[in-house]
Amino acid sequence: MTTVPTHQQWRPTTPSASAPSAASSSTASRSVEVASLPTEVTSVRAAPPDALSDAPPQNIDSRPTVDQAAAQRAVTDLLRALGRDPDSPHLRETPRRVAAAFAELLTPEPFTLTTFPNDHGYDELVLAKNIPFSSLCEHHLLPFSGVAHVGYLPGERIVGLSKLARVVRMFARDLQVQERLTTQIADFLAEQLHPVGVGVILEAEHLCMSLRGVRAPGSRTVTSRLLGALRDDPCIRQEFFARTGVTEA
Ligand SMILES: [Zn+2]
């Protein structure tokens, strides 16, 4: 595998003159069972108005590409190390397939984070629930997958709703731990949108937990990051968790 660059290497810059609205944060990890529902977009309660600066649409460049030839050679070596014959008819194409799979899983799709002026002063929580995602655990190179709930209280700009799912996928296509993935999604939206508040909850099953080790299939790890009003206003915070269907521990 080639080096997987960090968030900082390709994160678009934000206007320095802007006032950060979401300086404080908190994270929490819990394990709960939550039924998966279809993705939906909903809105709840009013938020206090909070003037924040513009975050113009940004082009998000993809990370450097995976060296698939080197990855292919490494998979061949791995098969040998596992006592398998990479030249057997059944395994001959496996290194190529594995390298291509990793390249796909680690290469985010470039997109433009389209934002719009919040002309009508929409000041309620925008929440995209049950966004499916998959990522790769950086400790075992095994997948973890689940759903993301991403919400924000708009400031001066709003974002195209499909972009919330795009942001999740952009950071998921990396070698990750769930805690960092949660943080990156929330911080990115805070940087780009300068909203009044941001909340991100991820619920995921890790194959490294269900297939091996403690062998706990069905166990889900829940992580959250709340910023701005979603962290500081108990009513908004409570309603955010209620709407996502996740019980705050
Ligand atoms: Zn793992």
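The values are calculated or read from the model by the stated rules, or taken from the named source; none is laboratory data. What you see is a predicted model; the values in this text were computed from it and never measured. Cβ atoms come from the backbone with ideal geometry, glycine included; neighbour counts cover every protein chain shown.
Using the structure shown, decide if A148 is within 24 Å of the chain's Cα centre (by Cα), among the small types (G, A, S) and under 25 Å from E239 (Cα atoms). Judged against the criteria, A148 is a match. Restricting the first member to the range 96-116 and to residues that are farther than 14 Å from R169 by Cβ, and the second to residues that are basic (K, R) and surrounded by 17 or more Cβ atoms within 10 Å (Cβ to Cβ), the beta-carbon pairs closer than 8 Å and six or more apart or on different chains are T114/K163; T115/R157; F116/R157.
Of all residues in the range 168-177 being more than 16 Å from the ligand (Cβ to nearest atom) and either of a type in the set (A, V, I, L, M) or at positive phi (or both), which is surrounded by the fewest Cβ atoms within 10 Å (Cβ to Cβ)?
That would be M170.
Here are L189, L227: which of them is in the same structural domain as Y122 (by TED's automatic domain parsing) and not in a helix (DSSP H, G or I)?
L227
Determine if the range 203-223 includes at least one residue that is in contact with an Asp or Glu (Cβ under 8 Å, 6 or more places away or on another chain), more than 16 Å from the ligand (Cβ to nearest atom) and closer than 25 Å to N118 by Cα. For the range 203-223, residues in contact with an Asp or Glu (Cβ under 8 Å, 6 or more places away or on another chain), more than 16 Å from the ligand (Cβ to nearest atom) and closer than 25 Å to N118 by Cα: absent. The test for being part of a loop (DSSP other than H, G, I, E, B), at pLDDT 95 or above and surrounded by 23 or more Cβ atoms within 10 Å (Cβ to Cβ) holds for P195. Counting only residues that are within 18 Å of Q184 (Cβ to Cβ), more than 14 Å from the ligand (Cβ to nearest atom) and among the charged types (D, E, K, R), the range 133-167 holds 2 of them.
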